[in-house]
Amino acid sequence: MAKKRTYSTGPFRERAILVGVNVRSQGDYWSLDDSLAELSELARAAGANPVERFTQSMNRPSPTYLGKGKIEQLAHSVKHKKIDTVIFDDELSPNQQRTLEDKLGVKVIDRTALILDVFAQRARSREGRLQIDLAQTEYLLPRLAGQWSHLERLGGGVGTRGPGETQIETDRRLVRHKLSRVKKEISRVQSQRNQQRMQRTGGEAKIVSLVGYTNAGKSALFNRITRSGVIERNQLFSTLDTTTRNMWLPSGTQATISDTVGFVHKLPPILVAAFRATLEEALEADLLLQVVDISSPYAIEQAQVVSDQLLDMGLGDTPRMLVLNKLDLVVSTAYEPLSLCMLDEIDISEFSRVVTTSATQGWGMTELRDAIGAEFSEPYEENTPGLSLHQV
């Protein structure tokens with residue numbers, strides 16, 4: 001009897017090796033192992049299958065990212081483990097990427113390209129696709145020369161070098177034209193968003209913005225507060241488009257609250273710049289609710305990443321409230337005492353108040369709404385964080 005054969009009809013998942021370096025002269029509160037663990041999640045989100053991690057410690061950065069011996073070891077693993085893609089944990093320069101592709105003989109991408117790919121898969125609205133288009137195009141522009149390196153293998157000379165150079169310049173002009181067009185479209189989107197904000201509130205309502213690490217539960221929290229139906233999934237970057245709703249505070253004061261795109265470790269600057277229109281609500285906010293997944297083993301590092309990136313965006317002086325979400329994954333009841341040991345490592349002096357919530361269970365919603373109302377009825381005082389009753 002012939003053996004029955006079955007074939008997978010699922011999408012092909014590229015076999016990938018993840019590569020990272022630890023430069024001793026460059027201190028980072030995020031360990032290399034933790035960074036590679038997150039890179040593995042990003043790779044899976046993009047559709048790859050990480051099969052191995054490859055690391056190196058060095059005293060100072062290498063022009064080729066890895067040392068010569070390590071590159072040879074990596075090339076050996078690529079060949080014998082039938083690897084399709086090598087993903088590096090940092091952004092590579094165009095020269096580094098070309099050199100590594102030549103030596104490894106497979107596709108090489110960096111963390112920036114991987115994040116852009118995940119964003120591209122998640123983008124649904126016209127605004128989101130425009131912003132991803134802008135970021136990907138700006139990332140591509142300095143790397144165009146490498147796209148035509150195959151012409152060098154034709155033997156060189158008059159018949160190859162000239163057309164290659166001409167094509168590169170043509171591509172650059174096309175890309176610059178595309179950049180200009182996309183930026184104009186995004187500028188129109190930003191103007192429309194500003195007009196909508198004024199129409200909603202007449203410019204008088206207080207603006208509250210949810211910010212935080214990706215998958216911290218911002219969308220679920222937003223839905224609980226506003227009774228909306230924003231997509232909420234247990235995945236990285238499920239929200240790329242800002243959603244804004246009106247809300248009434250206990251005092252009767254009107255406010256707007258916005259759900260924004262999540263942050264991530266080593267978020268590419270070009271992506272922050274491209275999503276500036278989406279982050280406009282945060283830039284204009286009177287109060288930021290910084291949401292942290294309290295159940296995550298990387299909660300401390302994630303909170304620090306968001307604080308640093310908000311500072312880089314010029315939001316260091318905007319009042320912030322710390323919202324420790326996903327309480328149900330840590331305790332079994334809403335009023336069970338919560339250990340404050342994790343707060344010892346977070347500089348809570350940055351926050352006016354600390355509130356614990358569970359968006360999925362609806363815990364802490366009244367306390368959160370009251371705390372937001374108190375922010376706008378009391379003078380903001382630095383270094384005087386208040387704890388909700390869940391943290392007694």
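Numbers at a glance
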quantity	calculated
Selection status of GLY146, within 20 Å of LYS103 (Cα to Cα), of a type outside the set (Asp, Glu), assigned to a helix (DSSP H, G or I) and modelled with pLDDT under 75	yes
Hey, ASP259 buried (at least 23 other Cβ atoms within 10 Å of the Cβ) and of a type in the set (D, E, K, R) or not	yes
Matching helices (runs of 4 or more DSSP H) fully within the range 173-290 where at least 3 residues are closer than 24 Å to ARG124 by Cβ, at pLDDT 85 or above and within 21 Å of the chain's Cα centre (by Cα)	218-226
Those strands (runs of 3 or more DSSP E) lying entirely in the range 45-119 with at least 1 residues over 22 Å from ASP33 (Cα atoms)	107-110
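The values are calculated or read from the model by the stated rules, or taken from the named source; none is laboratory data. For clarity, every value in this text was computed on a predicted model and none was experimentally measured. Every residue, glycine as well, gets a Cβ built from its backbone with ideal geometry; the counts of neighbours run over all protein chains shown.
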